[in-house]
Amino acid sequence: MYQELQKGWLEVICGPMFAGKSEELIRRVKTLTYAHQKIVAFKPAIDNRYDKTAIASHDGEKYQAYAVRNTKEIDELVTPDVQVVAIDEVQFFGDPIIQLVEKFADSGIRVIVAGLDTDFRGEPFGPMPVLLARAEFVTKLTAACTVCGCAATRTQRLVDGQPAKYDDPIIQVGAKESYEARCRKHHIVPGKPKLD
């Protein structure tokens, strides 16, 4: 069924590491450039793994972006003529990002965000649960489990080749040297409390 939308909405692209979230975000904004949309893109300044001033996928795709430290900087850079706001690694901006993307969408801007829906412990990551609930569109991607090859929905953090412990710090920027995609069966978190 075809539905027509008013201008302004929120799209969330989520999944574990190595699922192609940044690649999908880049694909969408590049497609919108052909429609001559005024686009502004952002990434957290702490994520400088592949490029300091571009959203970058693990496979080398890039899209120019502002590297910002907080939501205030994002808000200051979105001018009235902007039609699309793209934000990568949105989970790193914490709860203040929720109100900001709602403000943008309510003002008629198409907001596309990408990020990890769960942390290395397999638990909801920062603002993601609320963003997922408020989004008009959600795309949940999977990767391939490095152990069995099945659909991976979790991010496994490794410390010296061993699974990170539950009480290790949540935020640690890294790539293949520190993380793997894992399925539910092969995702291991020593010290994780058991559910009753």
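The values are calculated or read from the model by the stated rules, or taken from the named source; none is laboratory data. None of the values given here were measured: they were computed from a predicted structure. A quick note on method: Cβ atoms are made from the backbone with ideal geometry, for glycine too, and the neighbour counts reach across all protein chains shown. SASA here: full protein model, heavy atoms, side chains in, ligands and nucleic acids out. Shrake-Rupley method; radii C 1.70, N 1.55, O 1.52, S 1.80 Å.
Just how many % of Cα pairs in segment 108-191 lie over 19 Å apart, if you round to the nearest whole percent?
Here the long-distance tail beyond 19 Å is 41 percent of all Cα pairs in segment 108-191.
How tilted is helix 21-33 with respect to the longest principal axis of the chain? Cα atoms for both, answer in degrees (0 to 90, nearest 10).
10
Does anyone have the angle between helix 96-106 and the longest principal axis of the chain? Alpha-carbon axes, 0 to 90°, nearest 10?
Taking the Cα atoms of the chain, the angle to 96-106 is about 40 degrees.
Using r as the Cβ-Cβ distance of Val138 and Asp167, and R0 as 22 Å, what FRET efficiency do you calculate, to the nearest 0.05?
So the FRET efficiency works out to roughly 0.15.
Accessible area of Ser107, 1.4 Å probe, to the nearest 10 Å²?
80
If the reach is capped at under 30 angstrom between alpha carbons, list the lysines near Lys52, excluding any in the same chain fewer than eight residues apart.
Counting by Cα, and skipping residues close in sequence, Lys52 has these lysines nearby: Lys21, Lys30, Lys38, Lys43, Lys62, Lys72, Lys103, Lys140, Lys165, Lys176.
Please list, by residue number, every one of the GluC sites (Glu not before Pro) in segment 113-196 that is coil in DSSP and has at most 15 other beta-carbon atoms within 10 Å.
Working: sites: Glu136, Glu177, Glu180; in loops: Glu136, Glu177.
Here the GluC sites (Glu not before Pro) that fit, given the DSSP loop and packing criteria, are Glu136, Glu177.
Output the Cα-based Rg and Dmax of segment 57-112 in Å, rounding Rg to one decimal and Dmax to a whole number.
Calculated on Cα positions, Rg and Dmax stand at 11.7, 34 Å.
Under a 5 Å amide H to amide H cut-off, with H placed in plane at 1.01 Å, what residues pair with Ala54 once short-range neighbours are removed?
Close amide H contacts, sequence-distant or interchain: Ala65.
Which of rounded, prolate, oblate describes the chain, given a ≥ b ≥ c as roots of the alpha-carbon gyration tensor eigenvalues and a/c under 1.5 marking rounded, otherwise prolate only if a/b is larger than b/c? Let's see the in-between values first.
On the way: a/c = 1.81, a/b = 1.71, b/c = 1.06.
Because a/c hits 1.5 or more and a/b exceeds b/c, the chain counts as prolate.
In a solvent-free Debye calculation with one equal scatterer on each Cα, what is log10 I(q)/I(0) for segment 137-181 at q = 0.20, 0.24 Å⁻¹, listed in the order of the q values?
-0.72, -0.93
For Gln83 and Gln99, compute 0.36 nm times the residue count separating them, minus their Cα-Cα distance, and round to one decimal in nm. Let's see the in-between values first.
Working: separation 16, 0.36 × 16 = 5.76 nm, distance 1.79 nm.
Roughly 4.0 nm would be gained on extension.
Over its Cα atoms, what ratio of radius of gyration to 2.2 N^0.38 Å does segment 28-81 give?
1.19
How much of the DSSP beta bridge set in the chain is antiparallel, as a percent to the nearest 5?
Numbers: 12 of 34 bridges.
If we restrict to bridges inside the chain, about 35 percent are antiparallel.
Using only the Cα atoms of segment 23-124, construct the convex hull and provide its projected area averaged over every direction, in square nanometres to one decimal. Could the numbers behind the result be given before it?
Details: hull surface 26.2 nm².
The directionally averaged projection comes out at 6.6 nm².
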